[in-house]
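A short write-up of the structure that comes next.
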Amino acid sequence: ATAAAVGGSLIFCSVVDSDRIVMECAAMPFVDPTPSIDSLKARANEALAAAVARAESVGLRAESMLKEGEPVNTVLTVAHQYAADLIVMGSHGRRGLQRLLLGSTTEGVLREADIPVLVVRGGCGPTARLLETVSGAAARS
């Protein structure tokens, strides 16, 4: 409840990498990426609504947004736009070759962020990105 302690707010942001999905589908003839993208967006919106509801149920100010783009850059852009003091992200805990081949959004944010990043193992889902703003310009009245 760090945000509540300093009068801050939570911003829940989920990022769908539509371009990557389109590129992956381009390698498979007659595969339309639209249903996959729409499904990811629907699941992300459900997760975002649940996160906001949970935060508000314990008295925190919260909002959500669904973004499309490259996840690392998008998370960092949102964090800067809202003057976030902390980025909180989930980690899938992939290891070995799977991690090497797929890359890690969390790892990329950890490398590139100029603000603290708290990594929570599991729990955030494949597209959910949580930005916790705990003070400053991002706190809303």
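With respect to (1) farther than 20 Å from A79 by Cα; (2) touching a residue at least 40 places away in the same chain (Cβ under 8 Å), the lone exception for A26 is condition (2).
The rows are residues; the columns are (1) at pLDDT below 85; (2) in a helix (DSSP H, G or I); (3) more than 24 Å from A84 (Cα to Cα).
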residue: L10; (1), (2), (3): no, no, no
residue: S14; (1), (2), (3): no, no, no
residue: M23; (1), (2), (3): yes, yes, yes
residue: V31; (1), (2), (3): yes, no, yes
residue: S39; (1), (2), (3): no, yes, yes
residue: N45; (1), (2), (3): no, yes, no
residue: A49; (1), (2), (3): no, yes, no
residue: E56; (1), (2), (3): no, yes, no
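For segment 67-87, enumerate the residues that are surrounded by fewer than 17 Cβ atoms within 10 Å (Cβ to Cβ) and of a type in the set (A, V, I, L, M). Within segment 67-87, just A83 meets the criteria.
The values are calculated or read from the model by the stated rules, or taken from the named source; none is laboratory data. Not measured: the values here are computed from a predicted model. Every residue, glycine among them, receives a Cβ derived from its backbone with ideal geometry; neighbour counts consider all protein chains shown.
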